[in-house]
Amino acid sequence: MVDLLIKNATLPDGQTGVDIACDGGKIIAVEAGIAAGAGQVIDAGGQLVSPPFVDPHFHMDATLSLGRPRMNTSGTLLEGIALWGELKPLQTVDEIIERALHYCDIAVSMGIGAIRSHVDVCDDELKGVTALLEVREQIKDYIDLQLVAFPQDGVFRDPTAMDNTLRALDMGVDVVGGIPHFERTMAEGARSVTALCEIAAARGLMVDMHCDESDDPLSRHVETLAYETTRLGLQGRVAGSHLTSMHSMDNYYVSKLIPLMAEAELCVIPNPSINIMLQGRHDTYPKRRGQTRVRELRDAGLCVGFGQDCMMDPWYSLGRADMLDVALMGLHVGQLSSRADMTWCFDAVTQNSARIMGLQDYGLVKGCDANFVILQAKDPIEAIRLRATRLHVIRKGKVIAQTPASVAALDLPNRPKAIDPSQV
């Protein structure tokens with residue numbers, strides 16, 4: 001007798017007719033034809049069973065604050081930062097908690113099982129830090145929340161940001177963040193990368209830095225990030241988020257830069273929906289896409305995971321906590337159109353992002369946590385195409401969210417059959 005048995009599942013790697021037995025919050029078997037009694041049996045009916053979606057880059061302290069105190073009329077990154085500066089003194093700890101918990105309810109229903117959220121420390125009261133530490137505790141049974149100490153206004157540009165960063169880490173924030181391109185000078189930006197990486201090395205922490213979120217091809221702080229990662233022995237523990245300036249860099253320089261990043265084992269977190277919205281605002285035509293060189297970074301062996309970044313906040317007025325929307329945008333902007341590329345985009349919002357966050361016991365193999373999502377799709381590509389309904393969301397072997405099947409996605413009697421690509 002087991003707690004939960006999933007029958008007739010399709011796995012992301014293409015295996016079909018698979019059963020998944022779960023007991024004590026763990027996966028104890030993944031194979032065909034499991035004959036065991038179970039407290040609950042779910043027939044997946046050949047639908048896709050995936051490990052939970054993972055969002056490796058989000059700003060939970062700002063989410064659902066759209067319109068307060070005003071709208072971002074220019075749609076630019078810099079007005080968003082200015083608007084957030086206006087909101088910070090107005091909001092309360094309780095308000096941040098309420099918004100964040102509302103967001104987490106939505107995220108769970110969409111199959112998100114882990115989130116890395118940056119939290120602004122350029123507030124001497126550290127309201128965001130206090131709030132999200134409380135949220136992390138409240139949601140621990142259904143979302144793994146990892147927090148990044150993020151000096152939004154620059155760790156040197158803001159007079160108390162360094163002290164606040166250290167205070168936030170002392171309070172229990174997990175990861176060291178930064179924003180070198182927002183410091184006053186290129187030199188100060190590079191110095192901030194060095195200082196923050198040294199803090200992480202001394203404390204045994206990971207690093208996730210907003211890096212070169214700019215259209216300026218001379219914003220090259222990721223080079224310093226790669227250097228410091230290697231110098232301090234932080235390989236595999238450092239992520240560069242955004243890296244949008246790479247879309248404008250000289251190809252010769254990039255031919256040197258990407259191998260340095262690979263040598264440092266950097267992880268990369270593009271945020272497709274936000275990057276395409278905020279970047280290229282000073283361009284007429286041709287207008288830059290706003291996304292870093294995903295294909296080239298992936299092909300060089302770097303771990304690339306797509307992040308959501310924002311939902312209904314000063315920077316982005318849309319969003320619905322759907323990592324399949326994020327994968328779809330990354331696919332289009334990166335022209336990742338082959339069958340293998342599209343399947344990889346599904347990995348970019350699941351296993352790749354789990355690796356970036358350092359999640360333990362993640363996956364669909366024996367011994368992993370019994371955390372997964374049953375999707376109304378036959379494979380990862382169809383899941384992205386349809387932004388598949390999350391039929392069941394399971395956490396530690398228990399169903400925590402359910403959504404009825406979408407009639408539009410069902411195989412109706414008169415519905416045209418899909419073309420077999422092998423016959424084209």
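The values are calculated or read from the model by the stated rules, or taken from the named source; none is laboratory data. What you are looking at is a predicted structure, and each value in this text was computed from that prediction instead of being measured. All Cβ positions, glycine included, derive from the backbone under ideal geometry; neighbour counts span all protein chains shown.
Only residues that are surrounded by fewer than 24 Cβ atoms within 10 Å (Cβ to Cβ) and either under 21 Å from the mean Cα position of the chain (by Cα) or under 30 Å from Thr76 (Cα atoms) (or both) were counted in the range 192-209, giving 4. Are any of the residues in the range 212-227 surrounded by 22 or more Cβ atoms within 10 Å (Cβ to Cβ), modelled with pLDDT of 95 or more and among the aromatic types (Phe, Trp, Tyr)? Among the residues of the range 212-227, not one is surrounded by 22 or more Cβ atoms within 10 Å (Cβ to Cβ), modelled with pLDDT of 95 or more and among the aromatic types (Phe, Trp, Tyr), which makes the answer no. Filtering the range 369-385 to residues that are assigned to a helix (DSSP H, G or I) and either free of Cβ contacts under 8 Å to residues at least 60 places away in the same chain or under 20 Å from the mean Cα position of the chain (by Cα) (or both) leaves Pro380, Ile381, Ala383, Ile384, Arg385. For the range 8-30, name all the residues that are more than 26 Å from Cys345 (Cα to Cα) and assigned to a strand (DSSP E or B). Ala21, Cys22, Asp23, Lys26, Ile28, Ala29 - these are the residues of the range 8-30 that are more than 26 Å from Cys345 (Cα to Cα) and assigned to a strand (DSSP E or B). Just one residue in the set Arg167, Arg157 is outside any helix (DSSP H, G or I) and farther than 30 Å from Gly397 by Cα; that residue is Arg157. Condition check: touching a helix residue (DSSP H, G or I) at 6+ places or on another chain (Cβ under 9 Å), surrounded by 18 or more Cβ atoms within 10 Å (Cβ to Cβ) and within 30 Å of Gly85 (Cβ to Cβ). Does Met311 satisfy that? Criteria met by Met311.
Within the range 72-116, the set of residues being assigned to a loop (DSSP other than H, G, I, E, B), surrounded by fewer than 19 Cβ atoms within 10 Å (Cβ to Cβ) and small (Gly, Ala, Ser) comprises Ser74, Gly75.
The condition of being in contact (Cβ under 8 Å) with a residue 24 or more places away in the chain, buried (at least 22 other Cβ atoms within 10 Å of the Cβ) and either of a type in the set (A, V, I, L, M, F, W, C) or not assigned by TED's automatic domain parsing to the domain that holds Gly280 (or both) holds for Val119. Say whether the condition of being at pLDDT 95 or above and more than 25 Å from the chain's Cα centre (by Cα) is met by at least one residue in the range 169-184. Yes, that holds for at least one residue. Considering the conditions (1) surrounded by fewer than 23 Cβ atoms within 10 Å (Cβ to Cβ); (2) touching a residue at least 40 places away in the same chain (Cβ under 8 Å), Glu137 is excluded by exactly one of them, (2). Here Thr92 fits the description: among the hydroxyl-bearing types (Ser, Thr, Tyr) and more than 28 Å from Ala354 (Cα to Cα). Scanning the range 323-339 for residues that are assigned to a loop (DSSP other than H, G, I, E, B) and out of contact with any Leu (no Cβ under 9 Å at 6 or more places or on another chain), we see that the one that is nearest to Asp120 (Cα to Cα) is Gly334.
From the list Gly37, Gly17, the lone residue that is at positive phi and either modelled with pLDDT under 95 or not aliphatic (A, V, I, L, M) (or both) is Gly17. Whether any residue in the range 177-185 is of a type in the set (Phe, Trp, Tyr) and either crowded, with 18+ Cβ neighbours inside 10 Å or not in a helix (DSSP H, G or I) (or both) is what I want to check. The answer is yes, given that some residue of the range 177-185 is of a type in the set (Phe, Trp, Tyr) and either crowded, with 18+ Cβ neighbours inside 10 Å or not in a helix (DSSP H, G or I) (or both).
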